[in-house]
Amino acid sequence: MSTHSPHSTPDSFNEAPLSVNPRAEDAAQSVFIALGSNEGDSTSHLVQARLFLQDISSSPIRASRVYQTEPIGPSDNDFLNAVIRISWNSNPEALLNRLKEQERIQGRPSRYPKWTSRTLDLDIIDFGGLILNNDRLQLPHPAAAERLFVLLPLHDLAPEWYDPVTKKAISELIKKAPEMRIEVGAWQWE
Ligand code: ADP
Ligand code: MG
């Protein structure tokens, strides 16, 4: 398991010659990213996000099935949810910046309240088992272990996964998660 440097890495890190300051973060990490959309053309948003994730991954990605789920909060529209595994060569903060940028590109206004409808939400669920807690980033994602719309697609990809904090197995977390309406979506990736 990786350890995390207490010093955050500047965004310009990617442009620096790698030989100057080799660090553990340079090794590709296996990262699980949760995708969610319930506004606009959600299937197109997932397809576009998947292409983006393939683009930034240093090896071929793997994608879960797509699930259709009831919305949390006041929204009326069902969500489409999935999890994609990528390989990431830099640090978690740099990945979060890329994901936030892609959310903006795909039309998510920053003024939207946290819990409302969104064209695209990209959350880092697990970063190679790293445990991290700072203002911008919590790893593993703190709500993942309680959300069936994360756990079921994650189980598609990694039935052996366990929560690095509580060490609970994903199958156990699925059994204990609050019930919600969730089904394998009528629409799936090509
Ligand atoms: P949510 O995903 O909870 O609906 P947002 O997408 O608006 O809400 O995210 C709010 C903030 O959560 C982000 O700006 C980011 O800094 C922070 N955050 C903390 N941990 C994570 C994580 N593991 N993945 C993604 N964002 C995270
Ligand atoms: Mg988010």
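A few notes on this one:
- ARG108 being surrounded by 18 or more Cβ atoms within 10 Å (Cβ to Cβ), farther than 19 Å from ILE84 by Cα and more than 13 Å from the chain's Cα centre (by Cα): yes
- Annotation: of all residues in the range 66-88 being surrounded by fewer than 18 Cβ atoms within 10 Å (Cβ to Cβ) and polar (S, T, N, Q), the one that is modelled with the lowest pLDDT is SER75.
- Residues that are in contact with a strand residue (DSSP E or B) (Cβ under 6 Å, 6 or more places away or on another chain) and of a type outside the set (Asp, Glu) were ranked within the range 169-183; the one that is nearest to PRO140 (Cα to Cα) is ALA169.
- Selection count where residues are of a type in the set (A, V, I, L, M, F, W, C), touching a Leu at 6+ places or on another chain (Cβ under 9 Å) and farther than 19 Å from VAL47 by Cα, scope the range 57-94: 1
- Per the conditions (1) within 13 Å of the chain's Cα centre (by Cα); (2) closer than 20 Å to PRO164 by Cβ; (3) more than 11 Å from ligand 1 (Cβ to nearest atom), the sole criterion not satisfied by HIS141 is (3).
- Extreme residue, nearest to ligand 2 (Cβ to nearest atom), among residues of the range 130-143 that are modelled with pLDDT of 95 or more and among the hydrophobic types (A, V, I, L, M, F, W, C): LEU137
- Residue selection: ARG136 satisfies the criterion of being near ligand 1 (Cβ under 8 Å from one of its atoms), more than 15 Å from ARG50 (Cα to Cα) and loosely packed, with under 13 Cβ neighbours inside 10 Å.
- If you go through the range 92-129 and keep only what is touching a helix residue (DSSP H, G or I) at 6+ places or on another chain (Cβ under 9 Å), modelled with pLDDT under 95 and more than 14 Å from ligand 2 (Cβ to nearest atom), you end up with ILE105, GLY107.
- Count of the range 137-178 residues, restricted to those that are on the phi < 0 side of the Ramachandran plot and free of Cβ contacts under 8 Å to residues at least 12 places away in the same chain, is 9.
- Residues in the range 5-50 that are among the β-branched types (Val, Ile, Thr) and modelled with pLDDT of 50 or more: 4 in all.
The values are calculated or read from the model by the stated rules, or taken from the named source; none is laboratory data. In this text, all values refer to a predicted model and were calculated from it rather than measured experimentally. Positions of Cβ are generated from backbone atoms using ideal geometry, with glycine treated the same way; all protein chains shown enter the neighbour counts.
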